[in-house]
Each structure stands twice: as structure tokens, then as C-alpha cells.
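Starting off with a structure, shown below.
The values are calculated or read from the model by the stated rules, or taken from the named source; none is laboratory data. Values in this document were obtained by computation on a predicted structure and should not be read as measured data. Using ideal geometry, Cβ is built from the backbone for each residue, glycine included, and neighbour counts are taken over all protein chains shown. SASA here: full protein model, heavy atoms, side chains in, ligands and nucleic acids out. Shrake-Rupley method; radii C 1.70, N 1.55, O 1.52, S 1.80 Å.
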Amino acid sequence: MSVTVLADPALYAGTIDFNISGVVDQFWQLTVDGLSYGAIYALVAVGYTLVYGVLRLINFAHSEVFMLGMFGQYVGLELLGFSASGNVYSQGVLLTIVYLLVAMLIGMAVSGATAVGLERVAYRPLRKRGAKPLIFLITAIGMSFVLQEFVHYVLPKLVSGLGGTNPQQPIKLVEPKQEFSLFGASVTNVAIVIVLAAVALAALTEILINRTRFGRAIRAVAQDPDTATLMGVSRERVIMLTFLIGGLLAGAAATLYTLKVPQGIVFNGGFILGVKAFSAAVLGGIGNLRGALLGGLLLGLAEDYGQILFGTQWRDVVAFVVLVAVLMLRPTGILGESLGKARV
């Protein structure tokens, strides 16, 4: 019996590079770029970890909450008179910061409203009927596709030139420019804005959870929802506001993402990033805010190092391989689950 080899072995040559010298030579630049991507993952991961901590629900539609935040800030800037013409806004640093904050607030408002609406329309009726966890999971996946297809097919009919299959080019508010050098690595203004904004928002969220009455209510519902209700905590209100916080952070991440990526405002533009953010939450310890931040940063670094070590086509694969490797050694993630027990 003879076997005919149809594939050309040359096609598979050099698929994995193992470019160790490239990683060593570009280590600091890869670190800077990885931290800026990781900071975005971390903000989105906080939404996953908050909802899971309170409801034990993996909200897979959170990636579309992020995606709608990108569209929200894009439309908001268009209404303010900006256009995606390729020209960078250049009317001074102060006004640039003002418009960047306005764009972020609009994106946060759209994502926050989407997250609250998602909870009200899709998840609350299931809770009232005592649905099983599997039903919630299926619903989350279904709502993810519903939101995608709304932007894919319905939005273009409502607003000409918006949505559909063609990615919208982000409106350029900030031109990447080197601010200083770190061990030979170029640190741009965009990287500084992304990392500082993400860390600041994550810190504010942690303060909110740890040091306010609302934060105590979240931890109480996460630990024992029935007892929390008997003690006068409104479980439904806590759940709604938890979704709102996650949505607001996703909207902020959407604006920061458009600074980093030259294009990608498209109906399925949040899917891969959402999966990575979920992986970051699991990597750090889903249910732990600090874990979400740590997991996001580590994931950003891992995929940036990996794309040089193995080749750019392996960038996404590396992130998930790292996740699996960590979970084999520590199934609860690096920092472990903690939202209900002093949690966060």
C-alpha cells in the first residue's frame, strides 16, 4: 500500500522561529508594548471578574459591550465635528486631553448602558425563573451574537456608513510620539496614556469595592446573597450596578484601544480581545480585581514576547498556552478567587 504525500514540506518550514536573540535584543521594547496591550486587557477583565464574583456568571457578551464602546466613542467624536480622514488633531495638548476625555466618557456611557440593558433584558428574567447556570451561559453566548449581528446588519440601515463588514478607521486624536527612552526602548505618549489611565481606573474600582458602602454590598452579595438580602441589601440593585461598573470600564478600554490600533472598529472587533480579557481574568484569579489587573499585564507581555520568539502568527496562541500552563499548576489562577472573602 503506497502513501502519496500531497503537501509540500517547504510550506511548513520555518513555521516556528524560536527567535531567542530577537526577544533578548528587543526585550524592553516588547515589555513597553506588552504592558500597553495588557492594560487594555486588564480593564475589560475587571468586568468579567466583577460579574463572576457576584453572580457566578461568565458574561461572554462582555466583549460586545467593549465593541459597542468603540462605536460609541467614534460616533460621539463625529458628532463633535471630527472625521476619520487620517489627519491627527493638532490644536494643542490641553484640548487633545479634553476631547480624549469626552470620547472616553461617551464610550463609557454607551458600554455602561449596553451592559445594564443586557442584564435587564437577558439575565434578570432568568434569575426570576430560577434558571440553571448552564442556561445563563448559553444566553450570554447568544446575546454576544445578537449584539454582533445588530451592528453587522441592523446598524448600517439605521445610520449610513456605520457598522457592516467594513472596519471604521478610528479618529486620530493622538499621534504616537516618543516621550523618552527606557533602556533603549521607545516609550510613546500613547503607551503612557494607556497604562496610566488603566491603572488609575483599576485603582478607583478597587477603592470603590473596598472602601464604600456599595463595595461592602457587592462583597456581601458575592459571599452570601440570601443573607445579604435579609440584612437589607438590594441584590438586584447591586447586580445592576456591578454590570454598570464593568460596562464603564469596558468603554474606557475601548477608547484606549482605538489609540493603540489603527483600525478595527468593526462588528466582530471585540471577540478576540474579549476572549483574551476573559483569559486574563482567569489567569489572575477570576473574582479578584488585582488578579484581573495582573493577569491582563502578564498576558500582554506573554503574547508580545511570544510573537517574536515563535513568529507573529502565533501571537494569539501564545496567550492561551500561557493560560493553560498556569492553570495546570494553579487552577484558581495566580491570586485566586477572592471577591466574596475580603475579596479584591
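Rounded, prolate or oblate: which fits the chain, taking a ≥ b ≥ c as square roots of the Cα gyration tensor eigenvalues, rounded meaning a/c under 1.5, else prolate when a/b beats b/c?
It is rounded, given that a/c, with a ≥ b ≥ c, falls under 1.5.
Additional query: Relative contact order of the chain: what whole-number percent is it, with Cα pairs under 8 angstrom and at least 6 residues apart?
Reported relative contact order: 35 percent.
Next question. Starting from the Cα of Ala200, step 7 Å along the direction of its Cβ; do the same at Ile138; then give the gap between the two resulting points in nm.
Here the answer is 4.5 nm between the modelled labels.
Using a 1.4 Å probe on the protein heavy atoms only, what accessible surface does Leu294 show? Give it in Å² to the nearest 10.
60
Shifting gears a bit: In Å and whole numbers, how far do the C-alpha atoms of the stretch 199-266 stretch along each principal axis, longest first?
That works out to 51, 24, 14 Å along the principal axes.
Rank these by accessible area, largest first, 1.4 Å probe: Phe150, Phe183.
Output order, biggest surface exposure first: Phe183, Phe150.
Roughly how much of Ile245 is accessible, in Å² to the nearest 10, using a 1.4 Å probe?
Near enough 20 Å² of accessible area.
Applying 1/(1 + (r/R0)^6) with R0 = 25 Å to the Cβ-Cβ distance of Trp28 and Leu94, what FRET efficiency is obtained, to the nearest 0.05?
0.20
Now, a different point. Tell me, what is the per residue accessible area of the chain in Å², probe radius 1.4 Å?
For the chain, the solvent-accessible area averages 49 Å² per residue.
Give the ranking of Ser90, Ser63 by solvent-accessible surface, highest area first, calculated with a 1.4 Å probe.
Ser90, Ser63
Exceeding 32 Å between C-alpha atoms, which entries from my cross-link table qualify? They are Lys128/Lys157; Lys177/Lys276; Lys132/Lys276.
Lys128/Lys157
Of Gly300, Gly117, Gly232, which is farthest along the charge dipole of the chain in the positive direction, counting Lys and Arg as +1 and Asp and Glu as -1 at C-beta?
Looking along the dipole axis, the top candidate is Gly232.
How many nm is it between the label spots at Ser186 and Ala84, if each spot is 7 Å from the Cα in line with the beta carbon?
About 2.4 nm, to one decimal.
Rounded, prolate or oblate: pick one for the stretch 249-308, where a ≥ b ≥ c are the square roots of the eigenvalues of its C-alpha gyration tensor, a/c under 1.5 means rounded, and failing that, prolate if a/b is larger than b/c, else oblate.
It is oblate, given that a/c is not under 1.5 and a/b is not larger than b/c.
I've got another one for you. Distance between Cα centroids, the stretch 272-289 to the stretch 86-134: provide it in whole Å.
19
Heavy atoms of the protein only, probe of 1.4 Å, neighbouring chains included. What is the accessible area of Tyr74 in Å², nearest 10?
Spelled out: Tyr74, probe radius 1.4 Å, area about 20 Å².
For His152, His62, what's the largest-to-smallest order of accessible area, 1.4 Å probe?
In descending accessible area the options line up as His152, His62.
From the Cα gyration tensor of the stretch 126-233, with a ≥ b ≥ c the square roots of its eigenvalues, which class applies: rounded if a/c is under 1.5, or else prolate if a/b is larger than b/c, or else oblate?
The shape class here is oblate.
Of the accessible area of the chain, with the probe set at 1.4 angstrom, what percent is carbon plus sulfur?
About 66 percent, which is the carbon plus sulfur part of the accessible surface.
Rounded to the nearest 0.05, what FRET efficiency is calculated for Leu155 and Arg216 with R0 set to 25 Å and r the Cβ-Cβ distance?
Working from the Cβ atoms, E equals 0.05.
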